[in-house]
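Scroll down for the structure; my scribbles are underneath it.
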Amino acid sequence: MTCAGIGLHSGRKVTLSLRPAVPGSGIRFRRQDLGGLEVPADVNHIGAINYATGLMRDAVRVDTVEHLLAALVSLGIDNVTVELNSPEVPIMDGSASPFVYLIHEAGVKELDAPRRYLKVHRPISLTQGDKRIAIYPSDHFKVTYSIAFDHPLLRHQSRTIRLTADSFVDEIAPARTFTFLKEVEMLRRRGLARGGSLENAVVIGDTGVLNNALRFDDEFVRHKILDVVGDMALVGYPVIGHLVAHRGGHALHTSFAAQILEESEAWTLVDGRTVAGSDRAAAALPVPARAN
Ligand SMILES: [Zn+2]
């Protein structure tokens, strides 16, 4: 499937295509404008984090991957090649819903290979100043997110959700990127948000949002859940655990994704056939070597 749009930060036009990939290939970005050079979506290739998550391999980069990654992992896509003809994933409407639509239109093929999940057995946590993120054992992938800003219209929001394909599509995917009006000029001075507009971001002014309406009363915290789900895709396996984050951002999320893989005594890889609806004990599998 193919779609076209502009990059939120670069403002550049871009065409994106999703192509089937064989088992074990994971999610890979391919720069068609650079002769097909590829960047895998994993913690070994985290690139620039500037109000968005970037990936990099050698000099090849792909920016603002998080909303697409959130849609892919939430809809059960483990293997896909994402082709781009520009460095930044299109922002579309600022949410993940356009990507959900694309994936639904394309259809999903179940491959003849077991899916492996990363099941957390012991808590893992990371604190950076007033930002915190942790994951705790749970039988499902759940996210609790809380945000706090010093703004009269957005002080504190918190939400817990058990992530399934359906709950993601209905409750999380439509939530859009947001920013504060007073930050827009700073972002532009730094060469960011060049493609930003009220068509693809919620902008919070002093007296209200500049857009016509919010999609949810708590659209902001829902978007933070969307972001962390996308950033957690860099772990490389669907995670089974309860992720709890407070005031995080892409730098914290992606550092934490790498930390989870490093703390390998805190989790095991389990076969998906033992996870789906069965009460059999999940079989522990050997941990594969880190891919490069
Ligand atoms: Zn986002």
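Please treat every number below as a calculation from the coordinates, not as lab data. Keep in mind that this is a model prediction, so the values were computed, not measured. Note: ideal-geometry Cβ built from the backbone for every residue, glycine included; neighbour counts use all protein chains shown.
About the centre of its Cα atoms, the chain shows a dipole size close to 360 debye [charges on the beta carbon of Lys, Arg (+1) and Asp, Glu (-1) only; nearest 20 debye]. If you take all other residues with their beta carbon under 9 Å from the beta carbon of V80, and give Lys and Arg +1 and Asp and Glu -1, the sum is +1.
Rounded to the nearest whole Hz, the Karplus-based 3J(HN,Hα) values (6.51 cos²θ - 1.76 cosθ + 1.60, θ = phi - 60°) of the stretch 38-46 follow the sequence 10, 10, x, 8, 8, 5, 7, 10, 6, with x at glycine and proline. Packing, taken as the mean count of other beta carbons within 10 Å per residue, orders the peptides 58-64, 85-91, 19-25 from highest to lowest as 85-91, 58-64, 19-25.
In terms of Cα atoms, the Rg and Dmax of the stretch 116-194 work out to 16.6, 45 Å. Sequentially through the stretch 120-126, phi angles give Karplus couplings (6.51, -1.76, 1.60; θ = phi - 60°) of 7, 10, 9, x, 10, 9, 8 Hz, Gly and Pro residues having no value and appearing as x.
May I ask you to list the lysines whose Cα is less than 23 Å away from that of K131, ignoring any residue fewer than eight positions away on the same chain? Reachable lysines: K142, K182, K224.
In order along the stretch 226-233, the phi-based Karplus estimate (6.51 cos²θ - 1.76 cosθ + 1.60, θ = phi - 60°) of 3J(HN,Hα) comes to 4, 4, 6, 4, x, 5, 5, 4 Hz; Gly and Pro are listed as x. Report note on the peptides 118-131, 221-234, 259-272: ranked by the mean count of other C-beta atoms within 10 Å, highest first, their order is 221-234, 259-272, 118-131. Stick to Cα atoms and the Kirkwood definition of Rh, then tell me Rg/Rh for the stretch 39-139. Ratio of gyration radius to Kirkwood radius for the stretch 39-139: 0.99. For the chain, the relative contact order works out to 24 percent when only alpha carbon pairs closer than 8 Å and six or more residues apart are counted. The overall shape of the chain, judged from the alpha-carbon gyration tensor, is oblate: a/c is not under 1.5, and a/b is no greater than b/c.
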